[in-house]
Amino acid sequence: MSRTVFCRKYQKEMEGLDFPPMPGAKGQELYDSVSKQAWQEWQNQQTMLINEKHLNMMDPFARKYLKAQMEKFLDNEPFEQAEGFVPPEEQ
């Protein structure tokens, strides 16, 4: 049986991540409060942001920017999206 968590994005019990997505306390917090579905959706958004904004992940400011966008995404707050992005349901 898969592990479940109360997902902070969807506000309901959902399948949890298999392991913390990053080291440290932040990784554990995400592991405990983010569903597998929400994390996969964030990964897709993150990839689009990195590509469109040409972010260099060696740059501490780029990592800080992505972390802030991740928090907004997971908390259902407005976050930056790739400019040409149109959600599939709106196409």
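The values are calculated or read from the model by the stated rules, or taken from the named source; none is laboratory data. The shown structure was predicted, so the numbers you read here are calculated from the model rather than taken from an experiment. Positions of Cβ are generated from backbone atoms using ideal geometry, with glycine treated the same way; all protein chains shown enter the neighbour counts. Heavy atoms of the whole protein, side chains included, go into the accessibility calculation; ligands, DNA and RNA do not. Shrake-Rupley method; radii C 1.70, N 1.55, O 1.52, S 1.80 Å.
Within segment 36-52, restricting attention to residues that are over 14 Å from PRO21 (Cα atoms) and free of Cβ contacts under 8 Å to residues at least 24 places away in the same chain, which residue is farthest from the chain's Cα centre (by Cα)?
Residue satisfying both the conditions and the ranking: ILE50.
I'm trying to understand the selection: among the residues of segment 7-35, which are free of Cβ contacts under 8 Å to residues at least 12 places away in the same chain, outside any helix (DSSP H, G or I) and not hydrophobic (A, V, I, L, M, F, W, C)?
Passing the criteria: GLN11, LYS12, GLU13, PRO20, PRO23.
Only one of these is open to solvent by less than 80 Å² (accessible area, probe 1.4 Å), farther than 22 Å from ARG3 by Cα and either basic (Lys, Arg) or part of a loop (DSSP other than H, G, I, E, B) (or both): LYS64, LYS72. Name it.
Within the list LYS64, LYS72, the selection yields LYS72.
For every residue, the table says whether it meets (1) open to solvent by less than 60 Å² (accessible area, probe 1.4 Å); (2) at pLDDT 95 or above; (3) over 16 Å from PHE79 (Cβ atoms).
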site	(1), (2), (3)
PRO20	yes, yes, yes
TYR31	yes, yes, yes
VAL34	yes, yes, no
ASN56	no, yes, yes
